[in-house]
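Colleague: One structure follows; several queries about it will come next.
What follows draws every value from the coordinates through simple rules; no lab data is involved. Just so it is clear, the model here is predicted, and its values are computed rather than measured. All Cβ positions, even for glycine, are placed from backbone atoms using ideal geometry, and neighbour counts span all protein chains on display.
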Protein chains: 2
Amino acid sequence: MNNEKAIVVFSGGQDSTTCLFWAQKKFQEVIALSFDYNQKHKLELQCAKNICQKYNFEHHILDLALLNQLAANSLTRSDIEVDKEPPKKGLPNSFVDGRNMLFLTFAAIFAKQRGIKHIITGVSQSDYSGYPDCRDTFIKSINVTLNLAMDYEFVIHTPLMWLNKEETWKMAYDLGVLDIIKEETLTCYNGIKGDGCGQCPACNLRNKGYLDFKKTNNL
Amino acid sequence: MNNEKAIVVFSGGQDSTTCLFWAQKKFQEVIALSFDYNQKHKLELQCAKNICQKYNFEHHILDLALLNQLAANSLTRSDIEVDKEPPKKGLPNSFVDGRNMLFLTFAAIFAKQRGIKHIITGVSQSDYSGYPDCRDTFIKSINVTLNLAMDYEFVIHTPLMWLNKEETWKMAYDLGVLDIIKEETLTCYNGIKGDGCGQCPACNLRNKGYLDFKKTNNL
């Protein structure tokens with residue numbers, strides 16, 4: 001238990017919800033920060049709100065509609081369909097340029113105003129879907145940049161960086177929140193809570209990880 | 001003359017206006033990008049608009065009101081007066097946490113959407129007023145972070161980084177835009193165009209630089 005406060009960048013999905021409960025064990029006080037960038041599926045933010053209300057986390061939602069105006073992509077635009085498979089060349093069309101960079105920068109500004117230095121994000125390089133801003137090297141780079149920008153000692157924590165989805169489920173299990181993650185979070189690109197549509201890349205990854213987790217642990 | 005396009009982060013002040021005309025000489029096409037974060041003095045954005053209209057620059061203004069909600073400071077809040085002198089310890093109260101980091105990140109997202117890689121900012125370490133996000137090391141760090149975040153080769157240009165105000169006036173003179181900079185830009189913390197209030201730190205710096213420039217060059 002760390003006698004300090006932390007901010008969790010929180011989408012209401014499997015990964016960031018697991019991070020939220022991880023942070024609850026590590027820090028004295030945890031604040032969840034979500035972003036409204038006109039996600040295609042409003043239910044995502046609703047899941048985030050519900051989880052924070054039900055489990056008593058202070059929660060703030062910042063308006064980042066500007067991001068959607070700037071970076072057209074399949075996660076925010078209903079007229080673009082998410083790729084079924086990652087493209088052979090270039091970035092997947094679900095990549096929102098600059099998204100994690102903006103999330104972390106706003107989280108840091110918010111944190112500094114409150115004298116908080118710990119920031120937690122659920123990005124993972126293991127299940128890297130071709131998003132460059134989920135890589136460890138990006139996180140380390142933005143940590144340095146933020147500290148230089150504001151002359152402050154932010155510490156970005158990435159508890160899932162080297163875990164695959166099976167191991168992320170195991171972490172939720174060990175934290176005693178497996179059912180919450182399974183039933184109350186939304187990861188699906190088609191906006192269906194819990195087990196999701198079962199068809200999109202996010203569901204495939206999540207569901208395969210869950211089955212592997214159950215098998216490995218004889219559950 | 002570089003056969004490419006560039007984005008200039010443009011406030012309508014002395015420094016970024018000088019950069020705008022500098023870029024015009026170096027690049028085939030220049031786009032000015034301003035940010036509305038509820039600056040105390042609306043005239044600042046109006047100066048930016050006027051300059052772009054009069055001298056034919058494509059101009060976009062992005063809404064960053066969120067910044068003002070997050071980071072309270074004397075440049076955006078009318079209930080906080082700008083420090084007359086820099087504080088002996090800590091950051092001046094005119095420092096807006098994360099401002100240049102957000103400006104450059106949004107400029108990069110905007111640039112990438114249009115296939116542009118050159119970004120120009122008028123920050124300067126020489127007349128460093130205690131703003132950490134004007135330092136060369138910060139700019140180099142965010143350049144790397146942006147490239148990692150979006151898997152793209154942005155090049156951030158800082159033509160004023162090592163110039164003091166006298167040298168910045170000289171650059172305007174050499175570019176043939178001295179009168180435009182002197183009369184049509186706004187740098188003053190009290191929102192007065194051209195020579196300004198003559199009292200605030202920004203005016204002191206600007207006016208002393210102008211007098212030194214005239215003296216050194218026998219003008």
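Colleague: At residue B:211 and residue B:4, where each label point lies 7 Å from the Cα along Cα→Cβ, what is the point-to-point distance in nanometres?
Modeller: A separation of 4.2 nm, rounded to one decimal place.
Colleague: Which distances, shortest first and in nm, link residue A:60 to the matching position in the other copies, using label points set 7 Å out along Cα to C-beta?
Modeller: Its label point is 2.7 nm from the equivalent points in the other copies.
Colleague: Give me the base-10 log of I(q)/I(0) for the protein assembly as shown at each q in 0.06, 0.10 Å⁻¹, Debye formula, one uniform scatterer per Cα, rounded to two decimals.
Modeller: Relative scattering, expressed as log10 I(q)/I(0), comes to -0.28, -0.73.
Colleague: Give the calculated FRET efficiency between residue A:42 and residue B:137 to the nearest 0.05, with a Förster radius of 35 Å applied to their Cβ-Cβ distance.
Modeller: Efficiency, rounded to the nearest 0.05: 0.25.
Colleague: Under 11 Å from the Cβ of residue B:193, count the other residues' Cβ atoms, weight Lys and Arg +1, Asp and Glu -1, and hand me the total.
Modeller: Charge balance near residue B:193 sits at -3.
Colleague: Sticking with this one: What are the distances, in nm and sorted shortest first, from the label point of residue B:46 to the label points of the same position in each other copy, with each label point placed 7 Å from Cα along the Cα-to-Cβ direction?
Modeller: Copy-to-copy label distances for residue B:46: 4.5 nm.
Colleague: Quick check on the exposure proxy: order B:168, A:158, B:185 from fewest to most C-beta atoms within 10 angstrom.
Modeller: A:158, B:168, B:185
Colleague: Still on this model: Say the dipole of the protein assembly as shown comes from +1 at the beta carbon of Lys and Arg and -1 at that of Asp and Glu; which of A:181, A:205, B:190 then lies farthest toward its positive end?
Modeller: About the Cα centre, the residue reaching furthest to the positive side is A:205.
Colleague: If you don't mind, there's one more thing I want to ask. Would you mind listing the distances between the residue A:136 label point and the same position in each other copy? Use 7 Å along Cα-to-C-beta, nm, one decimal, shortest first.
Modeller: 3.2
Colleague: Longest exposed-loop-site-free stretch of chain B, with trypsin sites (Lys or Arg not before Pro), DSSP loop and at most 12 other Cβ within 10 Å?
Modeller: Between the exposed loop sites, the longest stretch runs B:115-219.
Colleague: On to the next question. Taking a 19 Å limit on the Cα-Cα distance, which of the listed pairs B:42/B:193; A:26/A:215; A:170/A:208; A:165/A:193 fall beyond it?
Modeller: A:26/A:215
Colleague: Please state the shape class of the range A:101-145: rounded when a/c is under 1.5, otherwise prolate if a/b exceeds b/c and oblate if not, all from the C-alpha gyration tensor.
Modeller: prolate
Colleague: Starting from the Cα of residue A:53, step 7 Å toward the Cβ, then list every residue of the range A:166-191 with an amide N under 17 Å from that point.
Modeller: Correct set: A:184-186.
Colleague: Applying the Karplus parametrisation 6.51 cos²θ - 1.76 cosθ + 1.60 with θ = phi - 60° to the phi angles of the range A:16-28, what ³J(HN,Hα) value in whole Hz is obtained for each residue in order, glycine and proline being reported as x?
Modeller: So the J values, rounded to whole Hz, are 6, 6, 4, 4, 4, 6, 4, 5, 4, 6, 8, 10, 5.
Colleague: What is the dipole size for chain A, taken about its Cα centre, with +1 at each Lys and Arg Cβ and -1 at each Asp and Glu Cβ, in debye to the nearest 20?
Modeller: 160 debye
Colleague: Something else: What do you get for Rg/Rh of the range B:2-216 when both radii come from the Cα atoms and Rh is the Kirkwood radius?
Modeller: Result: Rg/Rh = 0.94.
Colleague: How far, in whole Å, is the closest Cβ of chain B from the axis that maps B onto A, and which residue does it belong to?
Modeller: Of all Cβ atoms in B, the one closest to the rotation axis yields B:145, 2.
Colleague: Now, a different point. Quote the FRET efficiency, to the nearest 0.05, computed for residue B:61 versus residue B:25 with a Förster distance R0 of 22 Å and r equal to the Cβ-Cβ distance.
Modeller: For residue B:61 and residue B:25, the calculated efficiency is 0.35.
Colleague: Let me ask something else about it. Can you check what the net charge comes to around residue A:147, using other residues whose Cβ is under 10 Å from the Cβ of residue A:147 (Lys, Arg +1; Asp, Glu -1)?
Modeller: That works out to -1.
Colleague: Sticking with this one: Using a simple charge model, +1 on the beta-carbon of Lys and Arg, -1 on the beta-carbon of Asp and Glu, nothing else, what dipole does the protein assembly as shown show about its Cα centre, in debye to the nearest 20?
Modeller: About 140 debye.
Colleague: Can you give me the C-alpha center-to-center distance between the range A:116-153 and the range B:120-169, rounded to a whole angstrom?
Modeller: Comparing the Cα centres of the range A:116-153 and the range B:120-169, I get a distance of 21 Å.
Colleague: A further question on this structure: So what are the ³J(HN,Hα) numbers for the range B:206-213, from phi and the Karplus equation (6.51, -1.76, 1.60; θ = phi - 60°), rounded to whole Hz, Gly and Pro as x?
Modeller: 5, 6, 5, x, 5, 5, 4, 4
Colleague: Which ³J(HN,Hα) values in Hz, rounded to whole numbers, follow from the phi angles of the range A:54-66 under the Karplus curve 6.51 cos²θ - 1.76 cosθ + 1.60, where θ = phi - 60° and Gly and Pro get x?
Modeller: With the stated coefficients, the range A:54-66 comes to 5, 10, 6, 9, 5, 9, 10, 10, 9, 8, 10, 4, 3 Hz.
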